[in-house]
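Contents: one structure, followed by commentary.
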Ligand SMILES: NC(=O)c1ccc[n+]([C@@H]2O[C@H](COP(=O)([O-])OP(=O)(O)OC[C@H]3O[C@@H](n4cnc5c(N)ncnc54)[C@H](OP(=O)(O)O)[C@@H]3O)[C@@H](O)[C@H]2O)c1
């Protein structure tokens, strides 16, 4: 599918990675881009059209379907991370919010726009996943679970939509430099690089996009020894919670460190 001349909708297109997707689509020659925003603001480029869109709001989603009948590319980018561990978080509010937005909201968008894409010849449906779709980072445990649910959903949607000719793309990335990761002092990829890699993959008809170096290295580790990812997460968690670690698991952690 050629992005040049296409018409796209990006959810959460007002900032962060979504904004980079919007720009990358324009740079690749998209004819029109609907910019999904919870609180629409004016846009300067005539090729951009703001759309009020909270993906958890059924009325917004239905109105967006009516307004965006001409799209051939849907980028489900909107998402939230509440930085909630599964047990340590004071309540389940973060877990609920992440499931509502990242999984159920994205699923609602897939369901609502599948017939539109079909009518327009198949098109492309992109879901913005994460490396934690593959394993759990306990610091963002409930976000990881929501992204794993979104990963399973993406694979299922791909199977259901293959016959109508829709290319269903799953995008994986590690830390990207946006508001979402402001509290994490770690190496991050640039949103514009991630977005550009996704556009390239759409043009090439690829279903899986390893959009940055971190996703490529974690995918390699997953292939080589899947348990290594949970082991690494355990070591990181134990290091940050030393007083709670029973001496037996501390010994195990040390052995793993020694063994590389
Ligand atoms: N940053 C990373 O390291 C990273 C890595 C892998 C994957 N991702 C994924 O990439 C996507 C974009 O994240 P980001 O880093 O750009 O985060 P961000 O800077 O926090 O931006 C999130 C965007 O999603 C929108 N949004 C949140 N809830 C929404 C809802 N219910 N309906 C519609 N829009 C909603 C936000 O709108 P408002 O402005 O109204 O809040 C904002 O535009 C997410 O799916 C995230 O899980 C991020």
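Any read-out appearing in this document is the output of simple, stated calculations on the displayed coordinates, not a laboratory observation. Quantities reported herein were computed from a predicted structural model and do not represent experimental measurements. Using ideal geometry, Cβ is built from the backbone for each residue, glycine included, and neighbour counts are taken over all protein chains shown.
Here are a few things to note about the model shown:
- Nearest-ten-degree value, helix 141-161 long axis tilted from longest Cα axis of the chain: 40 degrees
- Within the stretch 99-128, backbone nitrogen closer than 17 Å to the virtual label 7 Å beyond the Cα of residue 69 toward Cβ: 112-122
- When only alpha carbons are used to place a centre, the stretch 96-125 and the stretch 18-37 end up 18 Å from one another.
- Max mean-square fluctuation residue, GNM over the chain, Cα-Cα springs under 10 Å, options 142, 130, 243: 243
- Most fluctuating residue given options 46, 221, 145, as computed from a GNM of the chain linking Cα atoms under 10 Å: 46
- Gaussian network model of the chain, springs between alpha carbon atoms under 10 Å - residue of 64, 108, 224 with greatest fluctuation: 224
- On full extension, the segment bounded by residue 42 and residue 96 gains 16.3 nm, given 0.36 nm per residue less the C-alpha separation.
- Relative contact order (%) - the chain, alpha-carbon pairs under 8 angstrom, separation at least six: 17 percent
- Degrees between helix 58-67 axis and first principal axis of the chain (Cα, 0 to 90, nearest 10): 40 degrees
- The alpha-carbon atoms of the chain, seen along their principal axes, cover 61, 36, 34 angstrom, with the largest extent given first.
- Ranked by how many other Cβ atoms sit within 10 Å of their own Cβ, fewest first, the residues 45, 238 fall in the order 45, 238.
- Ranked by the mean number of other Cβ atoms within 10 Å of their residues, highest first, the peptides 32-38, 122-128, 112-118 come out as 122-128, 32-38, 112-118.
- Counting neighbouring beta carbons within 10 Å and listing from fewest to most, the residues 217, 91 come out as 91, 217.
- Axis angle, to the nearest 10 degrees, between helix 16-27 and the longest C-alpha principal axis of the chain: 40 degrees.
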